[in-house]
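**Q** The structure follows.
The values are calculated or read from the model by the stated rules, or taken from the named source; none is laboratory data. Since this is a predicted model, take the numbers as computed values, not measurements. Positions of Cβ are backbone-derived with ideal geometry, glycine not excepted, and every protein chain shown enters the neighbour counts. Just the protein is used for accessible areas: all its heavy atoms, side chains included, with ligands, DNA and RNA removed. Shrake-Rupley method; radii C 1.70, N 1.55, O 1.52, S 1.80 Å.
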Amino acid sequence: MKKIILVCLTVVLVFTTPYATIAQAAVLKEVVTQKQNIYSKPNARGSIVGYVYRGSVVKYDSVSKRTIYRKINGYLNTGYYLAPASTGTWRAAVVTASSLNLRTQPNASSKTITTLGNNEVIRVNTGAMKNGWYPVAYNRGGYWYWQGFVNSRYIIRVDGFSYDSLAQFTTL
């Protein structure tokens, strides 16, 4: 009886250990915040196999760091210029106005922190909207700044866009 139990435990350990130690790939929907090259090898090594433009909705494997956009499959030089399409109550969005003032408070008369450009990718907190104004995170030089508010009339959330979409908008 002891031998049967020992054999069963050994079998369980042998078959479950590899699954516990191998990192599970997490394919995420990300939105590109700045145009980037896609390389054939990680760390900007290898040849350039394509490009992703600001507003591109890509598949990003957080373990292998592989990016897939349309039929292009490769690696970005950096993940700093990616915005998760959805994390908690935060959603990726794109500025549709030619320029948009980022305000210190959720109203048009408060001080301007900075100006966001047309098609700039930002993140908005959908759970904390106040009177049509979203709290915002914006990217400058690969760093996210979590401050300010924008009016919801001048942005479009892109968390519902499908992979391989390009979220860029023009005013006619």
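**Q** Within the stretch 77-86, which residues are part of a strand (DSSP E or B) and more than 13 Å from the chain's Cα centre (by Cα)?
**A** none
**Q** With the requirement that a residue be open to solvent by less than 40 Å² (accessible area, probe 1.4 Å), at pLDDT 90 or above and out of contact with any Pro (no Cβ under 6 Å at 6 or more places or on another chain), what does the stretch 73-102 give you?
**A** G74, A92, A93, V94, V95, T96, A97, L100, L102
**Q** Restricting to the stretch 54-64, and then to whatever is within 13 Å of the chain's Cα centre (by Cα) and assigned to a loop (DSSP other than H, G, I, E, B), can you tell me which residue is surrounded by the most Cβ atoms within 10 Å (Cβ to Cβ)?
**A** G55
**Q** With the condition kept exactly as written, say whether any residue in the stretch 103-116 is touching a Pro at 6+ places or on another chain (Cβ under 6 Å), free of Cβ contacts under 8 Å to residues at least 40 places away in the same chain and loosely packed, with under 14 Cβ neighbours inside 10 Å.
**A** Within the stretch 103-116, none of the residues are touching a Pro at 6+ places or on another chain (Cβ under 6 Å), free of Cβ contacts under 8 Å to residues at least 40 places away in the same chain and loosely packed, with under 14 Cβ neighbours inside 10 Å.
**Q** If I go through the stretch 122-159 residue by residue, how many of them are among the charged types (D, E, K, R) and more than 15 Å from T89 (Cα to Cα)?
**A** So the count comes out to 2.
**Q** Scan the stretch 127-138 for residues that are surrounded by 13 or more Cβ atoms within 10 Å (Cβ to Cβ) and either out of contact with any Phe, Trp or Tyr (no Cβ under 7 Å at 6 or more places or on another chain) or of a type in the set (K, R) (or both) and report the count.
**A** Summing the residues that are surrounded by 13 or more Cβ atoms within 10 Å (Cβ to Cβ) and either out of contact with any Phe, Trp or Tyr (no Cβ under 7 Å at 6 or more places or on another chain) or of a type in the set (K, R) (or both) in the stretch 127-138 gives 2.
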